[in-house]
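The values are calculated or read from the model by the stated rules, or taken from the named source; none is laboratory data. Note that the structure is a prediction, hence the values are computed from the model and not measured. Don't worry about glycine lacking a Cβ; one is built from the backbone with ideal geometry, like all the others, and counts go over all protein chains shown. For accessibility, only protein heavy atoms count, side chains too; no ligands or nucleic acids. Shrake-Rupley method; radii C 1.70, N 1.55, O 1.52, S 1.80 Å.
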Amino acid sequence: DDAGEARLASWAASERFPPLFAASSETLSDVLATWRTQALELAGIALFAVTSFGAFLLFASRASRANAAASRNELLLREVHHRVKNNLQLVSALVDMRARRVIHQETRTELEQVRTQVMAFANVYEILQISPDLDHIEFSGLLKSLCSALEIGSRIKLSVATEDDLHFAPQIALSLCIVCNELLTNAFKYSSGRAQR
């Protein structure tokens, strides 16, 4: 007790000369203030660590749910493409059955062209179904598949030359397929039977 105020005395051995001791004393209020400050700092660090860990767990949980939802959506989209392809193949088969019953040759030819066009789009949806990336569709394969489907039942051979790695969003790829289908169908219709390029 120094002048009515309690003090905390401490001593420590010298690192360089172990037989020597150094002594010091601080008022009890200073020691308690230092301990309080250190305790608050440790509590702040612990709170920050716990909050950071909780935020990390929340982020990981949301990321996991988002990945699961994205996978589920991709699976559903592939299923939709598969069903559209199957429905188009069914329509193609129905048109083919009707074409076989038609006696008038011009009507039969028109129905066969409709069947060919429907099958071309069924092939497009088949490529969409097996495409590894549903955000960007490789267009060269779509165009070649479209041309192969249009060649069936016609006497015209198509030769397709495209740039490599033409990737489009699915909607743009389908729109381009519709345009190409119309152009090729018209070319077939008005060609004189020569091989077209």
Single condition Leu75 does not satisfy, out of (1) more than 23 Å from the chain's Cα centre (by Cα); (2) aliphatic (A, V, I, L, M); (3) open to solvent by 100 Å² or more (accessible area, probe 1.4 Å): (1)
Criterion (closer than 30 Å to Lys144 by Cα, of a type in the set (A, V, I, L, M, F, W, C), surrounded by 10 or more Cβ atoms within 10 Å (Cβ to Cβ) and without any contact (Cβ under 8 Å) to a residue 60 or more places away in the chain) met by exactly one of Leu42, Leu94: Leu94
Odd one out for Val114, checked against (1) over 26 Å from the mean Cα position of the chain (by Cα); (2) at pLDDT 85 or above: (2)
Criterion violated by Ile103 - all others in (1) of a type in the set (A, V, I, L, M, F, W, C); (2) without any contact (Cβ under 8 Å) to a residue 12 or more places away in the chain; (3) surrounded by 10 or more Cβ atoms within 10 Å (Cβ to Cβ) satisfied: (3)
